[in-house]
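Following: one structure in structure tokens, then a few remarks.
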Amino acid sequence: MNSKGINHYIEAGKRATDWHNEYKKKTKNCKFDTIAVHGVYSMQEALDFNQGSTIEPMYMSSSQGFRDSDEMEAALSYQIPTWCYSRIGNPSVYYLEGVLALLETYGTDIEASCCATSSGMSAIFSACEPFLVVDKNDPGKPINFVAGCQVYGGTFQQFAVRKEEERNIEWRKVINSNNIEEWESLIDENTRFLYGEMPSNPGQAFFDLEKVAQLAHKYGIPLIIDSTVATPALMRPIAHGADIVVQSVTKTLTSSGFGISGAVIARKNLTSNIDNPEMKADFGMYIKALPNRDNGPNISPINAILTLNDIRTLRSKIDLMSRSTMKVAKFLESHPHIEQVDYLGLASHPLHDLAKKYLVLVDSEHDELYNEKVNRFGHLMSFRVKGGAQSARDVFDGLQRIWRATDLGRIKSVATIPAISTHQQQGEEGRKIADIPPNLIRLNVGAEHPDDIIADLEQALAVLDGKKVANTAPEYSAGGASSARLRR
């Protein structure tokens with residue numbers, strides 16, 4: 001076999017990359033729904049390489065074979081596109097990363113790249129860790145980051161325990177995230193990034209994204225936004241100045257509940273005070289090819305394909321479930337046993353007007369049902385039951401249609417009590433500053449008819465009137481298998 005030489009493969013790789021980049025530019029000009037359906041998978045690619053498959057194939061192979069040593073050398077030195085090993089790259093994963101980068105920058109000329117990860121928590125780790133490196137010239141120099149305290153419980157633990165307690169990296173907590181002065185008061189020359197979750201889980205914290213982005217860039221640091229609850233169907237933080245978006249793709253993006261995954265989507269040439277030109281130029285590709293290659297938190301092909309399928313109908317699902325959530329929130333707001341409803345869609349919410357600025361159903365102005373921009377506020381809300389923790393438990397235990405589970409973003413309605421589940425480990429003090437009382441129930445409204453969800457809430461709340469017995473489902477042996485449950 002005659003060697004073709006490494007340049008043969010580099011030139012071929014460049015031609016393929018140029019063609020695919022041109023295809024992505026054309027796709028970027030399509031409407032949101034078209035991008036969600038087609039992503040970066042082309043008909044040409046299907047016919048040339050994938051037996052004409054109209055749907056992205058699932059490449060379950062752990063590694064890629066090479067034609068010769070020259071191609072292997074070019075691939076493993078990252079000089080040509082490669083799927084060398086699925087821990088680093090895989091075609092199925094590439095299709096997911098491509099569509100997420102396009103959706104998060106939809107309606108802009110901003111270039112971004114994406115690194116898909118094995119979970120939302122690994123996405124948060126992957127997004128933050130490169131900015132927390134020790135200064136080689138001054139190893140003892142303190143490091144801090146500024147982040148809102150109203151975040152998912154796992155995020156709270158990663159920041160408070162894994163970073164602050166174990167590594168002495170200071171987390172400076174923003175109590176009122178909509179107070180720009182509070183953000184700025186916590187920044188100094190040792191601050192590496194700003195981080196916020198909006199809307200927050202479960203309390204619906206929100207802030208003026210553009211102002212916080214401007215503040216971050218004033219001090220030469222990036223802004224990282226967890227936009228899991230909104231998804232790009234309602235809000236695209238990069239368009240408003242954020243440098244990096246984190247998605248727990250497990251949630252609304254994979255509404256079926258079949259897959260576990262996360263994603264980091266970053267604008268190219270982001271702002272940072274870290275002296276690492278390669279990282280700043282293309283953060284998504286940098287973490288994929290280097291730190292995540294070595295640490296190994298990347299996603300599996302099967303989870304990538306499961307998520308791709310769910311993303312295709314993202315906009316219409318978000319619209320439907322947001323409208324249902326609004327109806328449920330209004331019902332709860334007027335219920336005599338409810339102390340408070342936390343949902344940005346309600347006019348009574350103190351941040352409602354601010355949320356209206358950012359949470360808009362994408363392309364609603366091009367939808368013949370609306371013909372104008374319409375606000376949608378997502379399908380996550382929470383409510384506080386009068387009577388304290390036990391009353392909340394009684395209502396929670398009385399649910400018969402709404403699932404009791406530590407999950408959100410599902411096509412099925414799901415509820416939990418964060419104080420005893422998702423936010424339990426952060427402790428009473430941590431829950432207090434994050435405003436997560438024990439009588440708060442988090443509710444993810446799914447795609448069922450809202451009247452049926454309201455009926456379930458109504459009968460569950462009736463337990464407080466003594467009108468029903470909570471949770472009348474039959475008991476089963478704690479040691480029994482799933483099949484034993486069905487037999488009973």
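What to note about this one:
- Summed over qualifying helices (DSSP H, 4 residues or more, each -39500 (n - 2.57)) and divided by its residue number, the chain shows a 222 nm mean residue ellipticity of -10500 deg cm²/dmol.
- Relative contact order of the chain, defined on C-alpha pairs under 8 angstrom at six or more residues apart (%): 15
- Our estimate of slack between Lys31 and Gln340, defined as 0.36 nm per intervening residue step minus the Cα-Cα distance, is 107.4 nm.
- Mean Cβ count within 10 Å, highest first, over the residues of peptides 377-383, 357-363: 377-383, 357-363
- Hits among aspartates and glutamates - C-alpha to C-alpha of Lys163 under 12 Å, sequence gap 8 or more where chains match: Glu129
- Alpha carbon centroid spacing (whole Å) that separates the range 174-200 from the range 124-155: 13
- The range 314-487, Cα convex hull volume normalised per residue, Å³: 148
- Considered as an equivalent ellipsoid built on the Cα gyration tensor, the range 224-304 has semi-axes of 23, 18, 7 Å, the largest given first.
- Per residue, the convex hull spanned by the Cα atoms of the range 285-376 measures out at 192 cubic angstrom.
- Multiplying the residue separation of Ser256 and Asp452 by 0.36 nm and subtracting their alpha-carbon distance yields 68.6 nm.
- Taken along the Cα-to-beta-carbon direction at a fixed 7 Å, the label points for Leu290 and Asn190 span 2.5 nm.
- Each Lys or Arg adds one and each Asp or Glu takes one away; over the other residues whose Cβ falls under 12 Å from the Cβ of Thr307, this sums to -1.
- With eigenvalues of the C-alpha gyration tensor scaled by 5 and rooted, the chain, Å: 39, 27, 22
- Förster radius 35 Å - calculated FRET efficiency between Asp109 and Glu129, Cβ distance, rounded to 0.05: 0.75
- Of the residues His423, Ile88, Ser364, the one whose Cα sits farthest toward the positive end of the charge dipole of the chain, with +1 on the Cβ of Lys and Arg and -1 on the Cβ of Asp and Glu, is His423.
- DSSP finds beta bridges in the range 88-311, and of those with both partners inside it, around 40 percent are antiparallel.
- Inter-site label distance for Asp48 and Lys357 at 7 Å from Cα along Cβ, in nm: 4.6
- For the range 88-311, the C-alpha radius of gyration sits at 0.94 times the compact-globule guess of 2.2 N^0.38 Å, with N the residue count.
- Convex hull volume of the C-alpha atoms in the range 1-126, normalised per residue: 132 Å³.
- Cα centroid separation, the range 1-42 to the range 45-109 (Å): 10
- log10 of Debye I(q)/I(0), alpha-carbon scatterers only, for the range 161-281 at 0.13, 0.14 Å⁻¹: -0.55, -0.64
- Bridge type composition, the chain - antiparallel percent by DSSP, nearest 5: 60
- Computed from label points 7 Å out along Cα-Cβ, the spacing between Gln400 and Ile302 is 3.6 nm.
- Those aspartates and glutamates that a straight Cα-Cα span of less than 18 Å connects to Lys136, excepting residues fewer than 8 apart in one chain: Glu189, Asp275, Glu278
- Ranked by the mean number of other Cβ atoms within 10 Å per residue, highest first, peptides 65-76, 318-329 order as 318-329, 65-76.
- In straight-distance terms, cross-link reach from Lys327 covers every one of the lysines whose alpha-carbon lies under 22 Å from its own, apart from those fewer than eight places away in the same chain; here that gives Lys251, Lys317, Lys356, Lys357, Lys373, Lys386, Lys412.
The numbers here are math on the coordinates, done by the rules we state, and not lab data. Computed from a prediction, not measured in an experiment: that's the story for all the values here. Ideal geometry is used to build each Cβ from the backbone, glycine not excepted, and the neighbour counts take in all protein chains shown.
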